[in-house]
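So the structure is just underneath, and the comments pick up after that.
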Amino acid sequence: MDGNINFGPPLPEGVRSVNFALAKDSRERSRVEERFRMNYPDSAGAPPDFFEHLDGPLRTLATELCQASMIPWETASVPIAIGFMSAIAGRGYQSPTELSTALYFVLTATSGGGKSSMNRALKKVARAAEVGYLLGPEHITADTSLHRSLLGNPRMLLNIDEFGAWFGRMTGRNSTGNQEALLRMLRNLRTLNGEDLMPAAYSQAARCLPAVRAPALSAIGYSTLQQFADAFRSELEEDGTLARMVEIPCGAPPRRRKDRPRAEFSAELVDVIRAVDDIAANGLPKERILEPKTEGKGDEVEPLPWPGELEPSAALHEVAYPDSLKEAIDQLCDVYDDDARDAEELGWIGAASAIRRAGEHVEKIAMVQAIARNPERPRIDEIDLRLGRQIADYSVKSMVARLRENAGETPYAKDRTRLEAFIEAAGAAGVALNELRRKSPVSGLPHGRRMELLSDLEEIGAIRSGQVPTGGRPQTRYWFAG
């Protein structure tokens, strides 16, 4: 397009307008942003009724957890039941796509909302079913501590109160090397899926520990929303740490019950928990070993292997599902992938990684309900997938809404605002293209992204561009059009 553009003050004499054909059409970006906001609104709303698709023994477990708690919190009871059963089933089951049942749940609510009451109810049912040995330490401060705990019990549930504060110590600017190594180990354990956990190589003490064979770690954390949000820096959101968690804002807590909470659990529920535990144990001792054991006397004393050093004695049980549901899972993962690409287009890298993992969470949650319903021959039904999608959708929408609220606007929009302010500050002299590359707030961005930002600003009338004759090659400059 030659001649002066039709908005703002006229261009200086001798300057002609320029149109960057290689820059992306801002209208397409607006359509992407509108579509993304429609799928992931500013608020995830109130928690849905998770009991709607809860079935069989898992429903019984969630119900009886509420009955055993002084504050019967139904919204929290469902993820607690799923996380508890996922830990019991760990090391014993896998999906046809080789997924384990390991899940990291984070339940957020206001301080004093009754999180600890549900935590105590979980410990009650673990003791009643004689699987209390699966409950790991409540405060771990180093990767070697977690490695040693998994050696003594390769199936484990971390049940952590004040999770946000605990996690924040690992992610803070003043975190120690041990805490950073623990964060890496937690991230890796979530995706091992039957692989061995190798000892850390940064110290002699760590290198002396043997590898843990096929560890299975699940976690349930309880936190206030603000503490959990404060624990994350942008780089942690972008490297997939947040995406490995299923965050459930639990809303307002119910009133305390006036009668005494339930002290016993149904025999049918206890039998199911023990049946899953027997299968997943794979012949390993059902106890938590804190110190290495030995056998023999005198000069014949020999160290016994840690439970975590032993190979499972039986093949993993595969959780089956019909071909029609396999296609449904594939289609759902495609939907999440499309949404993740939209998030990446808008600069939401942390949101994109969380959305992309949502399909994996759907399948894992469906597996857990299928295992509880039939420990010997688990088979995923449609209701299991509906439960998984309901929880995963609510979780990822809550994460995206929180990320958007904390950021105020997308990273792309922030860059556009900073670039517009830089050009406005240049006044009548304008800014040359090479100056934007060297001195502007977006100088560190790739060239293509800078050109997209400039094209967007020009199309909405915020800036104008032109080429200034210099006696040689014309120089491209930009002026604020406000």
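Quick notes on this structure:
- Qualifying residues in region 330-351 (those that are modelled with pLDDT under 90 and of a type in the set (Gly, Ala, Ser)) - the one surrounded by the fewest Cβ atoms within 10 Å (Cβ to Cβ): GLY347
- Test for ALA121: is it at pLDDT 90 or above, buried (at least 24 other Cβ atoms within 10 Å of the Cβ), of a type in the set (A, V, I, L, M) and more than 23 Å from the chain's Cα centre (by Cα): yes
- Some residue of region 158-168 being exposed (fewer than 15 other Cβ atoms within 10 Å of the Cβ) and under 26 Å from GLU264 (Cβ atoms): no
- Residue within region 399-411 that is in a helix (DSSP H, G or I), of a type in the set (Lys, Arg) and within 26 Å of the chain's Cα centre (by Cα) present: yes
- For region 92-151, the set of residues classified as of a type in the set (D, E, K, R), free of Cβ contacts under 8 Å to residues at least 40 places away in the same chain and under 25 Å from CYS250 (Cα atoms) consists of LYS123, GLU138, listed by residue number.
- Of all residues in region 90-116, those satisfying the criterion of being small (Gly, Ala, Ser) and buried (at least 21 other Cβ atoms within 10 Å of the Cβ) are GLY90, GLY92, SER95, SER100, ALA102, ALA109, GLY113, GLY114.
- Count of residues meeting criterion [touching a Leu at 6+ places or on another chain (Cβ under 9 Å) and polar (S, T, N, Q)] in region 434-453: 2
- Verdict on LEU242 being closer than 25 Å to MET185 by Cα, touching a strand residue (DSSP E or B) at 6+ places or on another chain (Cβ under 9 Å) and touching a residue at least 60 places away in the same chain (Cβ under 8 Å): no
- Condition check for VAL442: in a loop (DSSP other than H, G, I, E, B) and either among the β-branched types (Val, Ile, Thr) or in the same structural domain as GLN369 (by TED's automatic domain parsing) (or both): yes
- Taken together, the residues in region 134-181 that are under 15 Å from PRO215 (Cα atoms) and not charged (D, E, K, R) amount to 16.
- Any hit, region 355-368, residues being of a type in the set (A, V, I, L, M), under 30 Å from ARG450 (Cβ atoms) and modelled with pLDDT under 90: no
- Considering residues of region 293-326 that are polar (S, T, N, Q) and more than 24 Å from CYS208 (Cα to Cα) only, the residue modelled with the highest pLDDT: SER324
- The set of residues from region 445-482 being more than 23 Å from GLU28 (Cα to Cα), free of Cβ contacts under 8 Å to residues at least 60 places away in the same chain and not in a strand (DSSP E or B) comprises THR470, GLY471, GLY472, ARG473, PRO474.
- Residues that are at pLDDT below 90, farther than 17 Å from MET156 by Cβ and assigned to a helix (DSSP H, G or I) do not occur anywhere in region 127-144.
- Selection count, region 354-380, where residues are part of a helix (DSSP H, G or I) and over 14 Å from ALA392 (Cβ atoms): 4
- Residue ID - nearest to TRP73 (Cα to Cα), chosen from residues in region 259-288 that are small (Gly, Ala, Ser) and touching a strand residue (DSSP E or B) at 6+ places or on another chain (Cβ under 8 Å): ALA280
The values are calculated or read from the model by the stated rules, or taken from the named source; none is laboratory data. Since the structure is predicted, the reported quantities are computational estimates derived from the model, not experimental observations. All Cβ positions, glycine included, derive from the backbone under ideal geometry; neighbour counts span all protein chains shown.
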